[in-house]
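The values are calculated or read from the model by the stated rules, or taken from the named source; none is laboratory data. The model shown is predicted, which means the values in this text are computed figures rather than measured ones. For neighbour counting, all protein chains shown are included, and Cβ atoms are generated from backbone atoms with ideal geometry for every residue, glycine included. Only protein heavy atoms, including side chains, enter the accessible area calculation; ligands, DNA and RNA are left aside. Shrake-Rupley method; radii C 1.70, N 1.55, O 1.52, S 1.80 Å.
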Amino acid sequence: QVQLVESGGGSVQAGGSLRLSCAASGRTFSSYAMGWFRQAPGKEREFIAAISWSGAGTDYPDSVKGRFTISRDSAKNTVYLQMNSLNPEDTAVYYCAAKKGALRTSAGEYNVWGQGTQVTVSS
């Protein structure tokens, strides 16, 4: 089973960009679909992006489509989330997650989680 460590969070002004990274340990990383989720205080965990094990398939909710891009580098065992045109509503703790098989958008389908990284967007 893989273990996940996120990095790249921080504080940014509205309109700015950040790139989050999720480093995975384990030799079976390439067999996992990967997802990014976020959780703001007092809110439920929200799906942000997912990528298939091959990298050929991706999915995003309308709230981030066109602004966020998920990608993976299997040689580095790393998944990325490029976030552009950030706004204060994007402020949350961002989590990386992994699951065997096809990509999914529901947090309950993922069984491996990172510890999260804080993203704060100021107006």
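Counting the residues of region 72-88 that are closer than 19 Å to Ala107 by Cβ and surrounded by fewer than 20 Cβ atoms within 10 Å (Cβ to Cβ) gives 0. Taking residues in region 1-23 that are without any contact (Cβ under 8 Å) to a residue 40 or more places away in the chain, and partners anywhere that are open to solvent by 60 Å² or more (accessible area, probe 1.4 Å) and assigned to a strand (DSSP E or B), not one pair has Cβ atoms closer than 9 Å while being at least 6 places apart or on different chains. Quick check, is Gly35 open to solvent by 40 Å² or more (accessible area, probe 1.4 Å), closer than 28 Å to Gln13 by Cα and of a type in the set (Gly, Ala, Ser)? Judged against the criteria, Gly35 is not a match.
This table checks each residue for (1) surrounded by fewer than 22 Cβ atoms within 10 Å (Cβ to Cβ); (2) under 30 Å from Ser123 (Cβ atoms); (3) acidic (Asp, Glu).
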{"site": "Val2", "(1), (2), (3)": "yes, no, no"}
{"site": "Ala24", "(1), (2), (3)": "no, no, no"}
{"site": "Ser30", "(1), (2), (3)": "yes, no, no"}
{"site": "Ser54", "(1), (2), (3)": "yes, no, no"}
{"site": "Ile70", "(1), (2), (3)": "no, yes, no"}
{"site": "Thr105", "(1), (2), (3)": "yes, yes, no"}
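Taking the criterion of being among the hydrophobic types (A, V, I, L, M, F, W, C) and touching a helix residue (DSSP H, G or I) at 6+ places or on another chain (Cβ under 6 Å), the only residue of region 69-123 that qualifies is Val121.
Give the residue that is modelled with the highest pLDDT, with candidates limited to residues of region 89-103 that are open to solvent by 50 Å² or more (accessible area, probe 1.4 Å) and not small (Gly, Ala, Ser). Once the filter is applied, the top-ranked residue is Glu89. Asn77 meets each of the listed conditions (1) modelled with pLDDT of 95 or more; (2) farther than 17 Å from Ala40 by Cβ apart from (1). Considering each residue of region 84-122, count those that are closer than 19 Å to Gly42 by Cβ and either charged (D, E, K, R) or part of a loop (DSSP other than H, G, I, E, B) (or both), and give that number. The number of residues fulfilling the criteria is 5.
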